[in-house]
Amino acid sequence: MSVTVRVPAKVNVQLAVGAARPDGFHDLANVFLAVGLYDEVTVTPADELRVTCAGPDAAQVPLDRTNLAARAALALAGRRGIEPAVHLHIAKDIPVAGGMAGGSADGAGALLACDTLWGTDASSAELLDICAELGSDVPFGLVGGAALGTGRGEKLTVLEVGGAFHWVFAMADRGLSTPAVFQEFDRLAEGRAIPEPVACPDLLDALAKGDPDLLAASISNDLQPAALSLFPELAQTLAAGRGAGALTALVSGSGPTTAFLVRDPESAERVVQALRASGTCRTVRTASGPAPGATVL
């Protein structure tokens with residue numbers, strides 16, 4: 001018997017970042033939107049814990065116990081006092097190290113898959129608690145849709161979304177380290193007061209109304225200057241998408257994937273063609289959101 005769970009990527013339509021905390025993390029107001037790029041995690045009984053991965057960028061995915069999918073299996077097994085003897089196979093379609101929470105999605109997917117396979121019947125609250133232990137973005141992989149993440153991003157409030165939003169994503173030819181981007185944020189912010197991060201009311205209103213123009217006017221990412229400082233070439237990708245008619249363009253999360261909000265699938269195709277012709281990115285994908293969270297197939 002095996003269990004397969006499909007889990008989505010995310011784009012941050014707002015990422016407000018507070019000052020560094022004593023524990024090294026930052027308080028966030030992080031508005032997540034799940035989009036229809038998915039990884040699938042299949043869990044099968046095995047003699048011992050093992051991780052395999054296939055798909056684009058699979059060679060960059062760690063296959064040891066540092067992998068979030070493996071850590072999820074270990075965490076649930078540890079709570080239940082059972083042996084984590086499973087083979088975790090990740091069918092990877094979310095960009096790796098791209099600021100779209102692919103690794104976090106795999107953690108959420110593996111957790112739900114193991115809970116289903118083992119019949120541990122963990123409550124939603126317990127699953128979310130384990131996710132929060134694994135990483136700041138992992139709980140959202142379980143929830144999907146749209147949500148406001150506070151604390152370091154792990155405390156979620158589900159948000160209403162009144163329609164579909166269409167996106168184009170451009171993948172860069174190298175990755176960016178999330179810790180490095182936060183360190184650069186701290187360096188750039190040195191000597192100035194950083195306000196408490198809060199969700200933008202206009203942005204929440206735009207999501208609730210399903211209004212792409214209002215959303216485009218209120219999108220923000222406080223990590224974007226740091227990502228551009230470490231990876232200046234991303235500015236050319238952003239300019240290429242804007243020039244092709246995207247409503248807005250931003251670095252997704254800590255990057256280096258760049259995200260372009262468009263009005264409809266026809267607009268998406270124009271932006272895709274322009275980005276491909278620009279030579280500023282490795283691959284280009286389209287997706288719409290909101291997408292459902294981790295789902296047993």
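The values are calculated or read from the model by the stated rules, or taken from the named source; none is laboratory data. Because the structure is predicted, anything quoted here is derived from the model rather than measured. Quick reminder, even Gly has a Cβ in these numbers, built from the backbone with ideal geometry, and neighbours come from all protein chains shown.
Here are a few things to note about the model shown:
- Verdict on Val5 being assigned to a loop (DSSP other than H, G, I, E, B) and either assigned by TED's automatic domain parsing to the domain that holds Asp211 or touching a Gly at 6+ places or on another chain (Cβ under 7 Å) (or both): no
Rundown of residues vs (1) of a type outside the set (D, E, K, R); (2) in a loop (DSSP other than H, G, I, E, B); (3) touching an Asp or Glu at 6+ places or on another chain (Cβ under 6 Å), yes/no style:
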{"site": "Asp202", "(1), (2), (3)": "no, no, no"}
{"site": "Leu215", "(1), (2), (3)": "yes, no, no"}
{"site": "Ala226", "(1), (2), (3)": "yes, no, yes"}
{"site": "Ala246", "(1), (2), (3)": "yes, yes, no"}
{"site": "Leu250", "(1), (2), (3)": "yes, no, no"}
{"site": "Gly255", "(1), (2), (3)": "yes, yes, no"}
{"site": "Phe260", "(1), (2), (3)": "yes, no, no"}
{"site": "Val284", "(1), (2), (3)": "yes, no, no"}
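- Test result for Ala72, on the phi > 0 side of the Ramachandran plot and in contact (Cβ under 8 Å) with a residue 12 or more places away in the chain: no
- Among the residues of the range 254-274, those that are touching a helix residue (DSSP H, G or I) at 6+ places or on another chain (Cβ under 8 Å) and surrounded by 24 or more Cβ atoms within 10 Å (Cβ to Cβ) comprise Ser254, Gly255, Pro256, Thr258, Phe260, Leu261, Val262, Val271.
- Restricting the range 275-297 to residues that are among the basic types (Lys, Arg) and surrounded by fewer than 20 Cβ atoms within 10 Å (Cβ to Cβ) leaves a set whose member that is nearest to Asp222 (Cα to Cα) is Arg282.
- Any chance Phe169 is more than 23 Å from Ser229 (Cα to Cα), within 18 Å of the chain's Cα centre (by Cα) and of a type outside the set (Lys, Arg): no
- The residue list Val11, Val41 contains one member that is touching a Gly at 6+ places or on another chain (Cβ under 6 Å) and crowded, with 23+ Cβ neighbours inside 10 Å, which is Val41.
- Top-ranked residue of the range 131-141 - restricted to ones that are in contact with a Gly (Cβ under 9 Å, 6 or more places away or on another chain) and assigned to a helix (DSSP H, G or I), ranked as farthest from Asp27 (Cα to Cα): Gly141
- Residues of the range 77-129 classified as surrounded by fewer than 24 Cβ atoms within 10 Å (Cβ to Cβ) and hydrophobic (A, V, I, L, M, F, W, C), total: 12
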